[in-house]
Amino acid sequence: MTMFPSPPVPSSHESEPSRFTGFQPGRFGKVLLGAAVVVVLGLGVWEVVDTVTDDDLEFSYAARSGDDFADQQLLIRNGRGVPVAPILRFTALNGDGDTLPGVTVTTVCGSDRGSLVVLPHGSSDVLIFGGPLADQVADVEVTVDDAPAVDFPSVDSAVEITAFDDEGLSTTGYSRISGVKVTNTNGLPVTVRLVYIVWTDPETGTAQQAETVTPVGDLITVPADGSVTVPMTGPADAANAAAVAGDRAAGVEACYSAAAGG
């Protein structure tokens with residue numbers, strides 16, 4: 001089973017720290033659509049072949065991820081043996097494989113702008129669709145613009161996130177969050193970016209997606225076998241206050257990153 005030390009984002013219903021221990025893919029297939037293009041349909045995996053930047057990245061897209069993890073997840077397998085920070089472009093497709101005009105595709109952790117570190121065995125991101133036809137997205141087409149190697153430790157575990165309130169007690173994303181404790185159980189220091197995500201309240205049978213994504217602080221170094229506490233301030237604090245007032249599903253997630261800026 002392939003390991004994903006940087007885990008798929010838990011669903012908005014999950015409030016306890018968690019680790020992702022692996023992903024069992026569905027049926028496999030392979031489609032070559034050009035130098036650096038891969039189509040990801042359902043839970044199948046299409047390998048990127050003969051790209052000009054990297055020929056060892058594979059993708060799995062899950063529109064619905066069940067109760068344990070967030071919907072619209074892109075799992076990225078990295079066969080290069082070193083951490084990379086890809087810059088990906090996405091094209092939204094309907095159920096017939098046709099491009100959906102006017103639909104934008106962005107990400108929670110920044111795999112579309114080189115902000116997400118993909119570890120040697122893989123990492124994940126969450127896609128966000130916008131535009132009038134966003135509810136018709138069934139598949140995505142992924143173009144690898146670049147995938148440079150980055151200086152990042154090849155760690156085995158994800159960091160753990162614990163949100164706490166003004167009294168220092170553990171809390172969930174539905175409540176006031178005063179700060180976030182980030183715990184690193186690896187024997188090497190890591191750098192992460194924290195994001196505060198407010199999730200949509202989808203209709204039955206439709207995917208839940210990130211409605212807003214607000215950075216919590218900047219690039220954060222978490223020492224080996226240690227922890228760091230990050231306060232909720234500025235835009236993140238305001239987003240949390242608005243979410244609590246609206247009884248919205250929300251929470252803080254961590255993304256491995258080596259980028260100096262957003």
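The values are calculated or read from the model by the stated rules, or taken from the named source; none is laboratory data. Nothing here was measured: the structure is a model prediction, and the numbers come from that model. Neighbour counts are summed over all protein chains in view; Cβ atoms, including those assigned to glycine, are modelled from backbone coordinates with ideal geometry.
Taking V213 as meeting all but one of (1) within 18 Å of A70 (Cβ to Cβ); (2) touching a residue at least 60 places away in the same chain (Cβ under 8 Å); (3) surrounded by fewer than 15 Cβ atoms within 10 Å (Cβ to Cβ), write down the number of the exception.
For V213, the failing item is (3).
Grab the strands (runs of 3 or more DSSP E) fully contained in region 128-186, keeping just those with 2 or more residues being acidic (D, E). Steps first, answer last, please.
Numbers: elements: 139-146, 160-164, 179-184.
It comes to 139-146.
If you check D139, D201, D145, D156, which single one turns out to be touching a residue at least 12 places away in the same chain (Cβ under 8 Å) and farther than 30 Å from V82 by Cβ? So that I can check it myself, show each step before the final result.
On the way: D139 fails: farther than 30 Å from V82 by Cβ; D145 fails: farther than 30 Å from V82 by Cβ; D156 fails: farther than 30 Å from V82 by Cβ.
Matching residue, one of D139, D201, D145, D156: D201.
Check A250, A239 and return the single one that is modelled with pLDDT under 95 and either closer than 18 Å to V117 by Cβ or outside the structural domain of V105 (by TED's automatic domain parsing) (or both).
Values: A239 fails: modelled with pLDDT under 95.
After applying the criteria, what remains is A250.
Looking at (1) within 23 Å of A70 (Cβ to Cβ); (2) touching a strand residue (DSSP E or B) at 6+ places or on another chain (Cβ under 7 Å); (3) at pLDDT below 95, find the lone condition where A147 falls short.
(1)
In region 111-133, which residue that is closer than 19 Å to A207 by Cβ and in contact with a Leu (Cβ under 8 Å, 6 or more places away or on another chain) is modelled with the lowest pLDDT? Break it down stepwise before answering.
Going residue by residue through region 111-133, those that are closer than 19 Å to A207 by Cβ are 111-112, 124-133.
Of the ones still in play, those that are also in contact with a Leu (Cβ under 8 Å, 6 or more places away or on another chain) are 111-112, 124-127, 131, 133.
On the way: S111: 96, D112: 96, S124: 91, D125: 94, V126: 94, L127: 96, G131: 95, L133: 94.
The selected residue is S124.
Restricting attention to region 220-228, does a residue exist that is under 16 Å from the mean Cα position of the chain (by Cα), touching a residue at least 24 places away in the same chain (Cβ under 8 Å) and part of a strand (DSSP E or B)?
Start the filter on region 220-228 by keeping residues that are under 16 Å from the mean Cα position of the chain (by Cα), which leaves none.
No, the conditions are met nowhere in region 220-228.
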